[in-house]
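Undergrad: Structure in C-alpha cells, see below.
The values are calculated or read from the model by the stated rules, or taken from the named source; none is laboratory data. Quantities reported herein were computed from a predicted structural model and do not represent experimental measurements. Backbone-built Cβ (ideal geometry, glycine too); neighbour counts: all protein chains shown. SASA here: full protein model, heavy atoms, side chains in, ligands and nucleic acids out. Shrake-Rupley method; radii C 1.70, N 1.55, O 1.52, S 1.80 Å.
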Amino acid sequence: MKKVLIADKADAICEKVLREKGLEPVVKTGMKPEELKACIAEFDGIIVRSATTLTCDLIAAAAKLKAVARAGSGVDNIDVPACVTKKVLVMNTPFGNTVSTAEHAVAMMMALARHIPQANASTHAGKWEKKKFEGVELTGKTLGVIGCGNIGAVVADRAMGLKMKVLVYDPVMTAERARELGVHMVGLDELYQKSDFITYHVVINPATKGMINKDAIAKMKKGVRLINCARGGIMVEADIKEALLSGQIAGLACDVYAKEPATEHIFFGMENVIATPHIAASTKDAQVTVARQAAEQIADYLLNGKKTHAINGDKI
Ligand code: MLT
C-alpha cells in the first residue's frame, strides 16, 4: 500500500479521504528537518501546508517520493526545481482558500480604517479613548489591488460592494477579465498615486520580492494604509517601518512575514500596525476544502496518474 505523509496540521478529512482511496496515511506533524529526513524515504506522497519546508536536501533523500500536495496555494515552501530533478509532481489547491483569504484582507482593511484591535485592547484595559480612535470611512475611498488572480478578484468584488473605487494592477490580467470583474486596470505608479488603501495578492517571485520598498512607498499617497495577506517577502520591512514612523504609511495590516513563525518582529508593538499570524486562510471552511482536495489530488496521481493543479506537470 502506498504511504502518504501528512506533515503539517490538516483537517481530519485529509486522512479519511486517503484511507478511503486505498492509501496509507501517516500523520506526523511538527517534525524538525532532521527528523523528516530520517523517515522521508518511506513515503510515496507528502501533504504539507506552510509549516514544513521541503528543501532540496529533503527531496534528495525522498527515495520513493512521487508527489507533493500543498493544502493551500503558495508553493514557496517546496523546492520545485529539486522536485523536477527527482520527477516529483508538485500540486497545490489554488481555489480552496480563496474566499477565506480575501475575507481576511477585507477584515484587515476594516480594522485599519476603524482601529478595531487597538480600540478593543484599550477598552478592555478600562480606558475610554473615544477621541484617539477616530477612523476613516471606506465608502468613496480608493482601494488599489495589486495582483488580481483568484484572491485579488474576490477582494475587488467585496470592496465594490462597500462602495469603494477599485483600481487594479496586474501585469497578466486581460482587459476582458477586468471588464468582467468591473475593475479599472491601471499602471503601478497610478495605483500608488491614487489609492487610499493598497492590498497585495501576489505570489513571491523575483519580480515581487521586496516590491514594497522605499521607492514604491515614496510614490504612494501620504497616509496610505497597506494590507499584506500575501507573502512577507514582498516587503522590505525596514523601509515600511520607517514610513510607518514618519506617517507616510498611516497603517499596516500584516498577516505574513519574511521569516515565519514570527515571534519577534520590528513591526511588533507599533501602534499603527495590526498583526495576525498568517491566518488569512485559516477558517474551518477553507481548511476542510484544501485538506480534502490535497488528499484527492495526491490519490488521483499516485493511483491513476491524474495530474490536478500541477505546478510542474509539464516537466514530470
Ligand atoms: C496559502 O498559500 O495557501 C496561504 O498562505 C495559506 C497558508 O499558507 O496556509
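Undergrad: Can you give me the three principal axis dimensions of segment 19-101 from its C-alpha atoms, in Å, biggest first?
TA: For segment 19-101, the Cα extents along the three principal axes come out at 37, 31, 24 Å.
Undergrad: Next up: Any chance you could check the Cα centroid distance between segment 223-297 and segment 98-167 for me, in angstrom?
TA: When both Cα centres are located, 14 Å separates them.
Undergrad: Let me ask something additional. Where the accessible area of segment 87-219 is counted over protein heavy atoms with a 1.4 Å probe, how much of it, in %, is carbon and sulfur? Before the final figure, lay out each step's value.
TA: Values: 3810 of 6770 Å².
Summing carbon and sulfur atoms, their accessible area is 56 percent of the total for segment 87-219.
Undergrad: Ok, one more. With a 1.4 Å probe and all protein chains left in place, how much accessible area per residue does segment 98-275 have, in Å²?
TA: 50
Undergrad: For segment 98-275, what proportion of DSSP beta bridges, expressed in % and rounded to the nearest 5, is antiparallel?
TA: Percent antiparallel among DSSP bridges in segment 98-275 is about 0.
Undergrad: In nanometres, what is the gap between the two model label sites at LYS9 and HIS184, each 7 Å from Cα along Cα-to-Cβ?
TA: Between LYS9 and HIS184, the simple spin-label model gives 4.3 nm.
Undergrad: In square angstrom, rounded to the nearest 10, how much accessible surface does ASP8 have for a 1.4 Å probe?
TA: 10
Undergrad: OK, next. Taking the simple approach of a point 7 Å from Cα along Cα-to-Cβ for both LYS259 and ALA63, what is their distance in nm?
TA: 3.6
Undergrad: If you don't mind, there's one more thing I want to ask. Just to verify a number: FRET efficiency for LYS127 and LYS284, C-beta to C-beta distance, R0 = 35 Å, to 0.05? Walk me through the numbers on the way to the answer.
TA: On the way: r = 34 Å, r/R0 = 0.97.
According to the calculation, E is roughly 0.55.
Undergrad: What does the charge count around ALA51 come to, taking other residues whose C-beta lies under 14 Å from its C-beta (Lys +1, Arg +1, Asp -1, Glu -1)?
TA: +2
Undergrad: Here is a further query. Efficiency by 1/(1 + (r/R0)^6): what FRET value for CYS39 and LYS209, r their Cβ-Cβ distance, R0 = 30 Å, to the nearest 0.05? Show your work: numbers first, answer last.
TA: Values: r = 33 Å, r/R0 = 1.09.
So the FRET efficiency works out to roughly 0.40.
Undergrad: How are the C-alpha pair distances of segment 98-275 spread across 5 Å bins, as whole percents from the shortest bin up?
TA: 1, 8, 18, 22, 22, 15, 8, 4, 1, 0, 0
Undergrad: Follow-up. Assign unit charges at the C-beta atoms only (+1 for Lys and Arg, -1 for Asp and Glu), then state the dipole size of the chain relative to its Cα centre in Debye, rounded to the nearest 20.
TA: 240
Undergrad: Can you give me the accessible area per residue for segment 8-78, using a 1.4 Å probe, in Å²?
TA: I get 46 Å² per residue for segment 8-78.
Undergrad: Another one. Compute from the Cα atoms of the chain the Rg and the Dmax, the latter being the longest Cα-Cα distance, and quote both in angstrom.
TA: 21.0, 65
Undergrad: Write down the Å³ per residue value for the convex hull defined by the alpha carbon atoms of segment 77-197.
TA: 161
Undergrad: For the pair THR85 and ARG19, what calculated FRET efficiency results from E = 1/(1 + (r/R0)^6), where r is the Cβ-Cβ distance and R0 = 30 Å, to the nearest 0.05?
TA: On the way: r = 31 Å, r/R0 = 1.03.
The computed FRET efficiency comes out at 0.45.
Undergrad: May I pose another question? Give me the one-decimal nm value for the distance between modelled label points at THR139 and THR29, 7 Å along each residue's Cα-to-Cβ direction.
TA: 4.3
Undergrad: With point charges of +1 on the Cβ of Lys and Arg and -1 on the Cβ of Asp and Glu, referenced to the Cα centre of segment 98-275, which listed residue (LEU191, MET211, ALA119) lies farthest in the positive direction of the dipole?
TA: Positive-end residue among those listed: ALA119.
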